[in-house]
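The next block holds one structure in the form of structure tokens; read it before the comments.
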Amino acid sequence: MIEADLHEVYGIDVETGILRARSWRWLRTRIIGLLSCESRLARALAPPDKRERTPKIPSRR
């Protein structure tokens, strides 16, 4: 999930070995960035929307 988001959002291909040349701070900054944009990681860790928890009440006509 994070690997796919890093590639999609930042264009980072982790298979190239780039992470060995970068600091933990560099990686942490990008992962935190994934939490603040539309990403798989953000969707997976976001709390459920209030509207999803409220049961739908059928209207009476």
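Structural remarks
- Every condition in (1) at pLDDT below 90; (2) small (Gly, Ala, Ser); (3) open to solvent by less than 60 Å² (accessible area, probe 1.4 Å) is met by SER39 except one, and the failing one is (1).
- Cβ pairs under 7 Å, 6+ apart, first in region 1-16 and without any contact (Cβ under 8 Å) to a residue 40 or more places away in the chain, second open to solvent by less than 40 Å² (accessible area, probe 1.4 Å) and among the β-branched types (Val, Ile, Thr): GLU3/VAL14; LEU6/ILE12; LEU6/VAL14
- Odd one out for LEU45 among (1) open to solvent by less than 90 Å² (accessible area, probe 1.4 Å); (2) modelled with pLDDT under 95: (1)
The values are calculated or read from the model by the stated rules, or taken from the named source; none is laboratory data. Keep in mind the model is a prediction, meaning the values are calculated, not measured. Note that each Cβ is placed from the backbone with ideal geometry, even for glycine, and that neighbours are counted across all protein chains shown. Just so you know, the surface numbers come from the protein's heavy atoms only, side chains and all, with ligands and any DNA or RNA stripped out. Shrake-Rupley method; radii C 1.70, N 1.55, O 1.52, S 1.80 Å.
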